[in-house]
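Chemist: Handing you this structure, nothing more for now.
No value in this document is a laboratory result; all are computed from the given coordinates. Please read these numbers as outputs of a predicted model, since none were measured by experiment. Because the Cβ atoms are built from the backbone with ideal geometry, glycine has one as well, and the counts that use them run over all protein chains shown.
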Amino acid sequence: MKTYVIGLDYGSDSVRAVLIDTQNGAELASEVHWYARWKAQQYCNASINQFRQHPLDHIEGLEHTIKSVVSSSEVDPESIVGICIDTTGSSPLPITATGEAVALTAGFEENPNAMMVLWKDHTAIQEANEINELARSWGGEDYTKYEGGIYSSEWFWAKILHIARTDKAVKEAAHTWMEHCDYITYLISDHDDLESFKRSRCAAGHKAMWHESWGGLPSEEFLSQLDPYLGSLRGNLYNETFTSDRVAGNLNEAWATKLGLTTKTVIAVGTFDAHSGAVGAKVDEHALVRVMGTSTCDIMVSSPDVIGANTVKGICGQVDGSVIPGYIGLEAGQSAFGDVLAWFKDVLAWPVQNLVMRSSILSDDQKKALQDEIDANFIRTLAAQAENIPLSDAVPVALDWVNGRRTPDANQELKSAMSGISLGTKAPHIFKALVNAICFGSKMIVDRFQDEGVKINTVIGIGGVARKSPFIMQTLANVLNMPIKVAESDQAPALGAAIYAAVAAGVYPNVIEASKVMGSDFEAEYFPQADNVDKYEDIMQAYKHLGAFVETTVKSNKK
């Protein structure tokens, strides 16, 4: 009997499911669900970097997308042998002693502090600073050393500590906390014991300072010095973690009925989207996989024999088995990539939204048609005009830190800046400056890996930006001075999750073998243009100088 698997990929704005043939990786069906509450920006406050998501957005998306791919594919439910879930991260949420999300219990339905704290939420900057200070001064193990040496406000412990200090009711209602990928996996699994449930190695290692060398999570003594609550919480979390080729349980009866599946379907241990995306793109040693969307995650794998006990400074962790079991997974990334350009679009669109779309001259149908036309052509037109601006023109220099800096050397207090604006600066000049900035930020990450002895031979781009913007990809190839391949799959993270599911279900013996058969091919390759490489090197020096000035100024102004 032919067998199929489902990869469920939770992004920042939507969740998508793919139904994949295990024999060849062919996609039989796919479906996307956009989060309704998130789209309305409920529970969010961008002015204080608060970004929360209601678990109902995720649960509704789970049911809609999987039911859709099962129904439209018309395959026998008995032949769907596995499901794996990947999510953004670190995106933790509080859980009751009975395994419910606190936001789904009485009195907390509209409380943002009871929601999932999305990866891009930076309300915990102060708490992250405290973690970093204690890790260096308390006299014991430096628990940040496998996290790049700097703990981020985007991550597990900082976010939990911030919520605990902010909202006593949520703190008291939360028996434990789960990463998004663990929660959704737990929700549909028949393994309902919180204490023994298999938590994600990927999430724990990269975001919660879990490491085998100190027996799991940071010690109760260390956590209690941050706050007694964290020390007591540790006992309600976990010690062991598991890679995503392992079985977390079978689909439970309630969800099997909802989804039109059977309880024979195995549920793999959850993971993060960037790591499954790398698997979907056939990651191998010395290949840097760039998952390019609202932000970026940069994923590599290394043999334990190569990396040894070395730690790579300023990245988002190095974890045994987080990408491919048996290899060390290395993660870096930018807090904003596509978001930088989306921010600029929103700035330019202000007159349209506040004047044109409120005009009494246009009918509602005309307004809708105009809005649709603008949405379809806005970025494309900017990119086309920016691409035609010679590098010799007076293009401003910008920083890509509109949402802080993730790597190298996490600092979410940093802000973006721009220099070199004149009366001749037009919107396409600024757009080109922002594209340059996100590519320069990428180059800083590549340079850090190579400076730390991690060799990069190949760069692979996946995600919407990689597939839809030749201008950005060509600029990136010139800035990196490296060829860049683009993965053919439009859903590489979901495909990677499906690959994990196939291994967990026993279709393949390991992730490498499954990836060879089921992983994405490549649809394009961008090569550096020799006449532009030197020019970009000169512009990047200006980027570095501006960055050093802004970082120094931010520090001095805080004193």
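Chemist: Just want the answer: with Cβ charges of +1 for Lys and Arg and -1 for Asp and Glu, which residue in T241, T271, T123 is farthest toward the dipole's positive end in the chain?
Modeler: T123
Chemist: To the nearest 20 debye, what charge dipole does the range 53-166 have about its Cα centre, counting +1 at the Cβ of each Lys and Arg and -1 at the Cβ of each Asp and Glu?
Modeler: Once rounded to the nearest 20, the dipole reads 400 debye.
Chemist: So what is the relative contact order of the chain, in percent, for Cα pairs below 8 Å that sit 6 or more residues apart?
Modeler: On the way: 1209 pairs, mean separation 92.2, N = 559.
Relative contact order for the chain comes out at 16 percent.
Chemist: Using each residue's phi in the range 136-150, evaluate 6.51 cos²θ - 1.76 cosθ + 1.60 at θ = phi - 60° and report the 3J(HN,Hα) Karplus result to the nearest Hz, with x for Gly and Pro.
Modeler: Going residue by residue, I get 8, 10, 7, x, x, 4, 7, 6, 8, 5, 8, 9, x, x, 9 Hz, with x marking Gly and Pro.
Chemist: With runs of 4+ DSSP H residues as the only contributors, calculate the mean residue ellipticity of the chain at 222 nm using -39,500 (n - 2.57) per run, divided by the residue total and rounded to the nearest 500.
Modeler: Only helices count here, giving -12500 deg cm²/dmol.
Chemist: For E220 and S359 in the same chain, what is the full-extension length gain: residue separation times 0.36 nm, less their Cα-Cα distance, in nm?
Modeler: 44.0 nm
Chemist: Report the per residue volume, in Å³, of the convex hull enclosing the C-alpha atoms of the chain.
Modeler: 157
Chemist: How far apart, in nm, are the 7 Å Cα→Cβ label points at V306 and S419?
Modeler: Simple spin-label model gives 3.7 nm for this pair.
Chemist: Below 8 Å, C-alpha to C-alpha, sequence gap of six or more: please give me the relative contact order for the range 192-298 in percent.
Modeler: Working: 116 pairs, mean separation 25.7, N = 107.
Averaging sequence separation for qualifying contacts and normalising by length gives 24 percent for the range 192-298.
Chemist: Identify, among S189, G260, G280, the residue whose Cα sits farthest towards the positive end of the charge dipole of the range 166-289, taking +1 on the Cβ of Lys and Arg and -1 on the Cβ of Asp and Glu, with the dipole about the Cα centre.
Modeler: Of S189, G260, G280, it is G260.
Chemist: Would you please state which residues of the range 262-282 a label at M1 would reach in this model, taking the label point 7 Å out along Cα→Cβ and a backbone N cut-off of under 18 Å?
Modeler: The answer is 262-267.
Chemist: Say R0 is 45 Å: what FRET efficiency, to the nearest 0.05, do D409 and D193 get from their beta-carbon distance?
Modeler: Once the sixth-power term is evaluated, E becomes 0.65.
Chemist: Next up: Let me test this: with uniform point scatterers at the alpha carbons of the range 1-83, what is the Debye-based log₁₀ I(q)/I(0) at q = 0.16, 0.22 1/Å?
Modeler: With one equal scatterer per Cα and no solvent, log10 I(q)/I(0) is -0.63, -0.93.
Chemist: Counting other C-beta atoms within 10 Å, which of F108, F156 has the fewest, and how do the rest follow?
Modeler: Numbers: F108 20, F156 27.
By the 10 Å Cβ count, ascending: F108, F156.
Chemist: Among G139, H429, V291, whose Cα projects farthest towards the positive end of the dipole of the chain, with charges put on the beta-carbon of Lys, Arg (+1) and Asp, Glu (-1)?
Modeler: The listed residue farthest towards the positive side: H429.
Chemist: At 7 Å along Cα-to-Cβ for each site, give me the label-to-label distance between T458 and E110 in nm.
Modeler: Taking the simple label geometry, T458 and E110 are separated by 5.3 nm.
Chemist: Set the Förster radius R0 to 45 Å, insert the Cβ-Cβ distance between W350 and K168 as r into 1/(1 + (r/R0)^6), and round the FRET efficiency to 0.05.
Modeler: 0.70
Chemist: State log₁₀ I(q)/I(0) for the range 79-153 at q = 0.13, 0.16, 0.21, 0.25 Å⁻¹ as given by the Debye formula over alpha-carbon point scatterers of equal weight, solvent excluded.
Modeler: -0.62, -0.81, -0.99, -1.09
Chemist: Would you please put 410-416, 67-73, 241-247 in order of how densely packed they are, using the mean number of other Cβ atoms within 10 angstrom per residue and starting with the highest?
Modeler: Final packing ranking: 241-247, 410-416, 67-73.
Chemist: I would also like to ask the following. Compute for the range 149-196: radius of gyration divided by Kirkwood radius, i.e. Rg/Rh, restricted to C-alpha atoms, rounded to two decimals.
Modeler: Details: Rg = 13.1 Å, Rh = 12.5 Å.
Using Cα coordinates only, the ratio equals 1.04.
Chemist: Continuing with this model, one more query. Could the peptides 50-61, 187-198 be put in order, highest first, of the mean number of other beta-carbon atoms found within 10 Å of their residues? Numbers along the way, then the final one.
Modeler: On the way: 50-61: 21.8, 187-198: 16.9.
Ranking, from highest mean packing down: 50-61, 187-198.
Chemist: I'd like to compare 42-49, 391-398, 334-341, 125-132: which one has the highest average count of other Cβ atoms within 10 Å, and what's the full order after that? Before the final figure, lay out each step's value.
Modeler: Working: 42-49: 14.1, 391-398: 16.6, 334-341: 24.2, 125-132: 20.0.
Packing proxy ranking, top to bottom: 334-341, 125-132, 391-398, 42-49.
Chemist: Of all the Cα-Cα pairs you can form in the range 227-354, what percent are over 22 Å apart? Please report the intermediate quantities before stating the final value.
Modeler: Working: 4752 of 8128 pairs.
For the range 227-354, the fraction of Cα-Cα distances above 22 Å is 58 percent.
Chemist: Just need log10 I(q)/I(0) for the range 423-473 at q = 0.21, 0.28 Å⁻¹, Debye formula, equal scatterers on the alpha-carbon atoms, no solvent, rounded to two decimals.
Modeler: Taken in order of the listed q values, log10 I(q)/I(0) reads -0.88, -1.11.
Chemist: Which value, in debye to the nearest 20, gives the size of the charge dipole of the chain about its Cα centre, when Lys and Arg are +1 and Asp and Glu are -1 at the Cβ?
Modeler: 1300
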